[in-house]
1. For a protection proxy built on the mean count of beta-carbon atoms within 10 angstrom, sort B:22-31, A:208-217, A:231-240 highest first, please.
2. Over all residues in A:5-11, what is the mean tally of Cβ atoms on other chains that come within 10 Å of each residue's Cβ?
3. Just list whichever of B:Lys11/B:Lys127; A:Lys371/A:Lys406; A:Lys128/A:Lys530; A:Lys277/A:Lys412; A:Lys129/A:Lys325; A:Lys90/A:Lys149 have alpha carbons separated by over 28 Å in the model shown.
4. If you take each beta carbon of peptide B:50-59 and count the beta carbons of other chains within 10 angstrom, what is the mean?
5. Could you list the square roots of 5 times each eigenvalue of the Cα gyration tensor of region A:91-147, that is, the equivalent ellipsoid semi-axes, sorted largest first and rounded to whole Å?
6. Leaving ligands, DNA and RNA out of it, report the carbon-plus-sulfur percent of the accessible area of region A:321-437 at a 1.4 Å probe.
7. Rounded if a/c is under 1.5, else prolate if a/b beats b/c, else oblate: with a ≥ b ≥ c from the C-alpha gyration tensor eigenvalues square-rooted, which is region A:166-253?
8. Shielding by partners for A:477-490, please: the mean number of other protein chain Cβ atoms within 10 Å of each residue's Cβ.
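The values are calculated or read from the model by the stated rules, or taken from the named source; none is laboratory data. Everything quoted here is computed from the prediction, not taken from an experiment. Every residue, glycine among them, receives a Cβ derived from its backbone with ideal geometry; neighbour counts consider all protein chains shown. Please note that ligands, DNA and RNA were not included when accessible areas were found on the heavy atoms of the full protein model with its side chains. Shrake-Rupley method; radii C 1.70, N 1.55, O 1.52, S 1.80 Å.
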Amino acid sequence: MGLILNLSLRNLLRQKRRNLLLGIGIAFGMMILVVANSFSHGIVDVLIKDVVSYAYGHMSIDGIQSGSQMTTMIRDKQRIMDAINSTIPKEELIGAEEKIGALARAIGNGEADNVFVVGASVRNEKDKKDFFEGFFTLVDGSFEDYFRKDIEYPVIISSAVAKSLNVKVHDVIKVRFPMVTGQVQTAQFTVIAVANGNNSFMNIVVFLDGERAKSLLGYKPWESASMQITLKNPQRTAKAYADTLHRKLQPELLSIVGKVSGADCQILAFKNEDAAKEELNRHIKVIAGDPKKAFAKEGVMVSAQLARKLNLRVGSEFTYEYRTKFRGLYQEKFRVDAIYSSDTKLGSNIILMNGERIYETYSKFLPVDTKSGYIGGDDALYPVLATEWKLLERSRDGVALQKALKEERKIKTSQPKLNVNTMYEAASQLMQFESVLNSITLVAVLLLFFIILIGVVNTLRMTIKERTREIGTVRAIGMQKKDVRNMFITETVLLAAISCAAGIILGILVMQILGLITFSSSSDLSMILKDRHIYFKMDPVGILMNFLLIIFISGVTAYFPARRAARLSAVEALRHYE
Amino acid sequence: MNVIEVKGVTKDYPLGKTTVHALRGVDLTVEEGAFMSIIGPSGSGKTTLLNIIGCIDTPTSGSVKVHGDEITELEDKKITDLRLHKIGFIFQTFNLIPVLNVRENVEFPLLLMKKHSKGEITARAEKLITEVGLMEYIEHKPAELSGGQRQRVAIARALVSNPDIVLADEPTANLDSETSESILELMRELNEKEKTTFIFSTHDPEVLKYAKNIVKIRDGHILGQG
């Protein structure tokens, strides 16, 4: 092998110009491959790691509240936190944070623009380090002012926002945004720092202390918009944890245990769906009142026993009283639309009502006592009864998620919804972007290499023709056919390997140079920039695979001409004259 | 002892629509240690005969035995091995490998054998390069040598594997008369010293004075062996 390698290497150097030109072609192709590959990996890294994981977290549990408009709302964040903590082991969890934000119209000094107000809680020194040092490059002002109590709403803005609103540190920005209640809120923010984030997503964001943002947007302390979970090994664990969390967050039946005129009662709700109502109608009998009204959106039915006990008739009003989790004792008046009798597991003290009548009350005034256990999943009435929320099915990808949300929007209901997703589904289109980018690169490069390999074959044919007598000589002296064949294959493979290696080095140099260019943060490229530079992320395994693929293709391409050379008759080859 | 026995060998070449009968029933025996010249005019069949004896060409019919092995029955791999171990070649146009220097060209057959140590190969090659008087050119490439020097390198290469037979096809055809004489002297000297059988073809009667045995060939027939 040493002899063949030595001969091949020397023969390569012998035809310098021809091999140099071919080598430059291969090196150039490899360089494009390395740069394009690293560029696509870089884009995805920036988009996924910075933008997407910032926007979605590795996992996200979103509460969706339907009303005049869809808003994000989790009514009992502690319950969600408990589910998270019981699902994800501490060693796998980096953090589970509330995600609070709203799109707002901001007015600065004679300029206005849309901004995204984001609540960011900085509680301790670690948070300070992670948030201020990890995310920002301070341009002006002081991060310490973020905690000042004498400023109503201290905010950090980016240079881009400062420029678009024509404001500087200590200036005031007036903002207008929708609250979670649907009202439009206005506020005055004071710029305490201008700082640039490490990705373009930060360019439109105005950071405000998390608690202040919550209260400003209308969230109660026990509520949140959504919970954003950051994991240590998201690629490996996110989907599995999301599936487990999804199972744990299956809703209970909507049930409120309370009192009417001192008598123990329980509200259960039925689904506002025709099939559910029909099924329920089979199990109960409306003995007084208009059944149509009883099953309508606002319909309230009282059991015959309870009606007797409380002396209620159709049209009577009663006050339902129950203890809530966060707001003390709550009372609400209801009007009896019908009285029913039932021979099912429904207890004698049950007040049945359409879910649409009670969802909002239930969500806002979460009951302490729900005790709905005696109607189990296998009970015929179970599918008929409304649940505390609707848990959306886990979505396969971003398209499915958007489709599911669109479908949900069509259903006019005030039942809250809960959605569990990971960034891999939420941003699946973005993830697909990487493979599409890689495929395009690969196709382009394969095309380039196909052209180059035609060059390899031609060069080899010329070389073989020129060296026919030499082939005759070495065969006459005693070189075996396979050694002659291997000699030519080795020559080609060596040329491809050296050229590819040069192409990789060249690619790294090109990336270094391109990486030095600083782009404006308002540039069209800003979405894919990192710290205002193009970010290339080398994928050594991918590059090695491409390298090996090219070597393999070169070897295969060289095989047939080399075999033909080896099969030349020694005597014919010795007779050959150019 | 006969190292080569050729019996009834014919060789036909297609040439366009006709067939060239290069050898027409050749019988030849070569004894060990011979210094034989095959003489004949151009196109008489000298090179064809040498190629067949050297196992780089096969006869159309007849029998060729090299050291008792019937070469017409051997497969390519074995014939190649036979050439490597038993036969040395000297070509009219030297046929050195241009990318290798003198030492490497001479070492080449030993490297192909893959059975000698690096030290043995170097020692053997240097011994022969010294014998052909080219030690001072040992690191030179063929392109940096004269025709005579190249042929000396070719002789050293042919002898380095200690073959039983060295075949030289018109070894002096591309050399001036003075160099030709020195090459023939060298071959003769090595024949006597190494006891190697030399068979060389020529069409130059001047060369004959060096030969111990002469075979005359014309139109594919051996006219006489003596």
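1. By packing density, highest mean first, the sequence is A:208-217, B:22-31, A:231-240.
2. Mean number of neighbouring Cβ atoms from other chains: 3.
3. Going by Cα-Cα distance, B:Lys11/B:Lys127; A:Lys371/A:Lys406; A:Lys129/A:Lys325; A:Lys90/A:Lys149 fall outside the 28 Å limit.
4. Partner Cβ neighbours, averaged per residue: 3.
5. Semi-axes (√(5λ), whole Å): 26, 17, 9.
6. Ligands and nucleic acids excluded, carbon and sulfur give 51 percent.
7. It comes out oblate by the Cα gyration axes.
8. Mean number of neighbouring Cβ atoms from other chains: 4.
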